[in-house]
Structures are given as C-alpha cells and as structure tokens.
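The values are calculated or read from the model by the stated rules, or taken from the named source; none is laboratory data. Here the structure is a predicted model, which is why all the values come from computation and not from measurement. Reconstructed Cβ throughout: ideal geometry from the backbone, glycine too, with neighbour counts over all protein chains shown.
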Amino acid sequence: MINGYGEIGMQAIDVLSLRRTYKVGGTDKEVIGLDDVSLQISEGEVHGLLGPNGAGKTTLVKILSTILLPSSGQVKVLGHDVVQQPKQVRSVIGLLLGGDKGLYNKLTGRQNLEYWAALYDVPFCDTKKRIEKLIERVGLNDKADSKAETYSRGMKQRLHLARAMIGDAPILFFDEPTLGMDPIAARDFRELIGELKSEGKTLLIATHDMAEAEIVCDRVTLIDKGKILAVETPLTLSRLLPKQEWVDFETNEETISKLSGQLETSFAIVQRANQGYRIQVKNESESIYVLNKLITNGISSIQTAKPSLEEAYVHIVGDRGMAI
C-alpha cells in the first residue's frame, strides 16, 4: 500500500486496520468487503474515494456513517468511535447515499427536509430559513412543493444532497453524488463543493467520475477488491505511472500517412475521439524527436500533456471494460 498510516491521531477521519467480511447465503463462506484498510483524512479536506463497482467504496462510507459495523479494526470520526459512540458520530456527519431510500415519495421536497431537520434536532426557529437556503442552493425552487415521487432521478439526487446538509454537519459523506444529474447540475455541484470547503467542511466523495475527482479533491484514495492501492493528490498520482506524457496534435490523413513512414517503429500514432491524434513519449529526448518530426511535416496544432487522473486510475486498477 502507498502512504500507509501508523497510530490513530486526531484527524477528521481515522481508519486503522479496518476489515469487513460477509457470510454468503447462510453458509460459512466468507467474502471480504474491506481488507486491512487504513486511512486518515484531515479536517477541511475534500477526499475522493475511487474504485470500480464492488471495490468497497460504499461499504467504507456505510461503516464511517455507522450503518454497518466493522468486523475488526478501529474507525473514528472527529474522535468518536463508530462502534462505541455511534450517536456522537451521527451528530457530526451528513450522508448522501442516493437512490430512492431515505426519501418519502408521498411528501413534498420541502416536507422531506422538514422531517429530516427534526431528526437532526435543527432548532425550530432556524428550520424554515435553513430549508429555504438549501432548496435554493441545490436548485429545487420550482419543485420544492411537489411530491418527491414526481421528481426525476437527478432531482431526487439534489434532494438527497439537501438532506445531507440539513444538519450543518462538519463532515459530509457523498456516495456517487452526481448520479443522474445532467452536466449543468454536475457543474453546479462542483461549485458547491468549493463553497463547502471554504466553510471548513470535511468531505469524503465516493465517485466513478474521474474528472469530478480531479477538479474538486485535495487527495484521492484508489481502492480495489477491498484494499487501498494508493493515496495521493490527483496531480502526484500520475507519478505512479511509467514516466510518460502525451503529444497531441491535429492534421489530415495524408500527413498522418507520411508521418507514419518517418517515425521509428516504437512510436505509435493513436487516433483520438475528437479526430485528433496522440503519440506517447517516455522522456525529454523522445519528446524532442517527435516534436521535430511534427513540425517538419507542417503540423502546428500541437500540445503536450501529462497523464490524467483517469489514465492513472486505469493503469493502477486495470482496464476491465464492463467487468466487475
């Protein structure tokens, strides 16, 4: 594991040697959900939790939020043990799990928030003002007084988001927060994350959206098959890749044919989805060699780029396509 941790300290989230196992269908067969997971997240940090389906992301979020019990290990949230002090943990967290669970479809969006405000012990004198602010913040002004059963998937996700923030908790857990949201709503969500960070909130975001994680997260944790593979900033995660960068350019098919005959066989020209082209280089001398060939062939639309978070993720976890 990269960036292992020692003794539990006073972080916002402290996880030490966490293990979670399941029994399969009443048998004695044991399935490992989380395996020796250790992680520390500082107060005020936006932390991304990345991994394929079944990696253990939601299991970890549910243990942190006291929905599931760990099989072994120690987990603390703002110094409160999730096993010994679940009530104290629940008082300092907001949770978004998404889906239909947690919403009352026969109630309006506003009524849902009133109900959750009462459960979070929001002072009655503050409830109305806080709900109005949240409704505006998540963009549900026009649907606040409609029943939740009439909401689209994206609208329900917005309501989940408001529900997670109703208690003004210092720590927020978001599991696939932009699921079902259109691109505009997802953009607004990213802006909201910046606002919450500026307010001093600590956020753990489990997501499949690499671009989202790269934009909003201070650090990311890659998890697969219940094990942590890496804990890095999105920028430094690329150091785990072999030394490489991309040379991206645009040209016509005739020039590509000519260029292919001039390049050494170790350099492959890859066509990109946007009709541009890409060549991978491993060091500065290779980059200079390729750039000279491109310029010699009259190609001027050129840019170089480091591997993205998504490319680092695929390299470390593996490209499984549709496989789980």
So the check is Cβ under 8 Å with 6+ separation or different chains; which pairs have a first residue in the stretch 134-161 that's on the phi > 0 side of the Ramachandran plot and assigned by TED's automatic domain parsing to the domain that holds residue 122 and a second one that's outside any loop (DSSP other than H, G, I, E, B) and not charged (D, E, K, R)? 139/185
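The rows are residues; the columns are (1) in the same structural domain as residue 160 (by TED's automatic domain parsing); (2) on the phi > 0 side of the Ramachandran plot; (3) modelled with pLDDT under 95; (4) surrounded by fewer than 15 Cβ atoms within 10 Å (Cβ to Cβ).
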residue: 22; (1), (2), (3), (4): yes, no, yes, yes
residue: 25; (1), (2), (3), (4): yes, yes, yes, yes
residue: 28; (1), (2), (3), (4): yes, no, yes, yes
residue: 53; (1), (2), (3), (4): yes, no, yes, yes
residue: 66; (1), (2), (3), (4): yes, yes, no, no
residue: 69; (1), (2), (3), (4): yes, no, no, yes
residue: 78; (1), (2), (3), (4): yes, yes, no, no
residue: 89; (1), (2), (3), (4): yes, no, no, no
Take residues that are among the β-branched types (Val, Ile, Thr) and tell me which of the helices (runs of 4 or more DSSP H) falling wholly in the stretch 22-121 contain 1 or more. 57-64, 86-90
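Could you identify the single residue in 156, 128 that is part of a helix (DSSP H, G or I), basic (Lys, Arg) and either surrounded by fewer than 19 Cβ atoms within 10 Å (Cβ to Cβ) or in contact with a Gly (Cβ under 6 Å, 6 or more places away or on another chain) (or both)?
On the way: 156 fails: either surrounded by fewer than 19 Cβ atoms within 10 Å (Cβ to Cβ) or in contact with a Gly (Cβ under 6 Å, 6 or more places away or on another chain) (or both).
Checking each option against the conditions leaves just 128.
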Of all residues being among the charged types (D, E, K, R) and surrounded by 14 or more Cβ atoms within 10 Å (Cβ to Cβ) in the stretch 284-306, which is modelled with the highest pLDDT? Just the residue, please. 293
Evaluate the following for residue 211: is it modelled with pLDDT of 85 or more and either touching an Asp or Glu at 6+ places or on another chain (Cβ under 9 Å) or not hydroxyl-bearing (Ser, Thr, Tyr) (or both)? no
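Restricting to the stretch 166-177, count the residues that are at negative phi and surrounded by fewer than 22 Cβ atoms within 10 Å (Cβ to Cβ).
Applying the first criterion (at negative phi) to the stretch 166-177 yields 166-167, 169-175, 177.
Now drop any that are not surrounded by fewer than 22 Cβ atoms within 10 Å (Cβ to Cβ), which leaves 167, 169-171.
The total comes to 4.
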